[in-house]
1. Just the residues that are of a type outside the set (Val, Ile, Thr) and within 15 Å of Thr5 (Cα to Cα), please, taken from segment 15-46.
2. Mind checking which residues of segment 14-32 are within 12 Å of the chain's Cα centre (by Cα) and part of a loop (DSSP other than H, G, I, E, B)?
3. I need every pair where a residue in segment 32-47 that is closer than 17 Å to Gly20 by Cα has its Cβ under 8 Å from the Cβ of a residue that is hydroxyl-bearing (Ser, Thr, Tyr) and open to solvent by less than 50 Å² (accessible area, probe 1.4 Å), sequence separation at least 6 or different chains.
4. For residues that are in contact with a strand residue (DSSP E or B) (Cβ under 7 Å, 6 or more places away or on another chain) and assigned to a loop (DSSP other than H, G, I, E, B), scanning just segment 33-43, find the one that is least open to solvent (accessible area, probe 1.4 Å).
5. Look at Pro6 and say whether it is out of contact with any Lys or Arg (no Cβ under 7 Å at 6 or more places or on another chain) and touching a residue at least 24 places away in the same chain (Cβ under 8 Å).
Amino acid sequence: MAAETPTIVLVHGAWADATGFDAEIRALQDRGYSAIGFGNLLRDLASDAAYWPTSCGP
């Protein structure tokens, strides 16, 4: 059985948004990885953590 490739989640910092990862996401996808850029709301830890499942899944 072949090993599954992981989903790579790129999370931006406070200086930019997830669109800054577009080139990296395409490069990872071209290599067979599932990759997404997570649009962190940057409100506070509790609301950002609660947002994760609605955006990226479990």
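1. Ala27, Leu28, Gln29, Asp30, Arg31, Gly32, Tyr33, Ser34, Ala35
2. Asp17
3. Filtered contacts from segment 32-47: Leu41/Ser47.
4. Looking at the filtered set, the residue picked out is Asn40.
5. yes
One line per residue, one yes/no per condition, for (1) at pLDDT 80 or above; (2) among the basic types (Lys, Arg); (3) open to solvent by 40 Å² or more (accessible area, probe 1.4 Å); (4) in contact with an Asp or Glu (Cβ under 6 Å, 6 or more places away or on another chain):
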{"position": "Ala3", "(1), (2), (3), (4)": "no, no, yes, no"}
{"position": "Thr7", "(1), (2), (3), (4)": "yes, no, yes, no"}
{"position": "His12", "(1), (2), (3), (4)": "yes, no, no, no"}
{"position": "Trp15", "(1), (2), (3), (4)": "no, no, yes, no"}
{"position": "Ala23", "(1), (2), (3), (4)": "yes, no, yes, no"}
{"position": "Gln29", "(1), (2), (3), (4)": "yes, no, yes, no"}
{"position": "Trp52", "(1), (2), (3), (4)": "no, no, yes, no"}
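The values are calculated or read from the model by the stated rules, or taken from the named source; none is laboratory data. Everything quoted here is computed from the prediction, not taken from an experiment. A quick note on method: Cβ atoms are made from the backbone with ideal geometry, for glycine too, and the neighbour counts reach across all protein chains shown. Areas reflect the complete protein model, heavy atoms only, side chains present, ligands, DNA and RNA absent. Shrake-Rupley method; radii C 1.70, N 1.55, O 1.52, S 1.80 Å.
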